[in-house]
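Worksheet for the structure shown next.
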Amino acid sequence: PVYAECGGLMYLSRSLQWKDQHCAMVGALPADAVMHTRPQGRGYVHLAETSQSPWPGKSSGDIHAHEFHYSALENLAHKLPFAYQVRRGAGVDGQHDGIIHRNVLACYTHLRDVEQNHWVERFVAFVRTCRQTLASSQNQQQSG
């Protein structure tokens, strides 16, 4: 399980482009990060959690957070699920943030762990669930 914000999102992409330079990145996300001279997202954001969110439990209402990024994602794979609908802000594509790909949730938004959104607790619960699923799968393989 991985949670990444902003720079982590860029790091997990396939590549990073800055002016005429291209660098290979981790490749865990089906997208390419491209740097721009002006901010692509800046300021406070309001998000609504979608039903696609992989973390157990739900936030209670709008999630208030912030973003500040000069990069944008290009060549994003089609039909990727998103954890958040953007009500205010830019996010990944102006409407969504929180790319979900396998056990990764990566977004431009910098979340705060507050009463309306205890994301740290929920992420740790997700990690535990993944760990239990893996252990159960390994036990079945050993006994079968």
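The values are calculated or read from the model by the stated rules, or taken from the named source; none is laboratory data. The model shown is predicted, which means the values in this text are computed figures rather than measured ones. So basically every Cβ, Gly included, is an ideal-geometry build from the backbone, and we count neighbours across all protein chains shown. Ligands, DNA and RNA are stripped out before the accessible areas are found, and what is left, the full protein with its side chains, is counted by its heavy atoms. Shrake-Rupley method; radii C 1.70, N 1.55, O 1.52, S 1.80 Å.
Quick notes on this one:
- Identity of the residue in segment 83-130, open to solvent by 20 Å² or more (accessible area, probe 1.4 Å) and acidic (Asp, Glu), that ends up farthest from the chain's Cα centre (by Cα): GLU115
- Per-region count, segment 69-82, residues closer than 16 Å to LYS58 by Cα and surrounded by fewer than 20 Cβ atoms within 10 Å (Cβ to Cβ): 0
- If you go through segment 100-132 and keep only what is within 21 Å of SER13 (Cβ to Cβ) and either touching a strand residue (DSSP E or B) at 6+ places or on another chain (Cβ under 9 Å) or assigned to a loop (DSSP other than H, G, I, E, B) (or both), you end up with ILE100, ARG102, ASN103, VAL104, LEU105, ALA106, CYS107, TYR108, THR109, HIS110, LEU111, PHE123.
- Total residues in segment 52-82, condition within 15 Å of TRP119 (Cα to Cα) and over 13 Å from the mean Cα position of the chain (by Cα): 11
- The residues in segment 1-52 that are more than 24 Å from PHE123 (Cα to Cα), in contact (Cβ under 8 Å) with a residue 12 or more places away in the chain, not β-branched (Val, Ile, Thr) and not in a loop (DSSP other than H, G, I, E, B) can be counted, and the count is 10.
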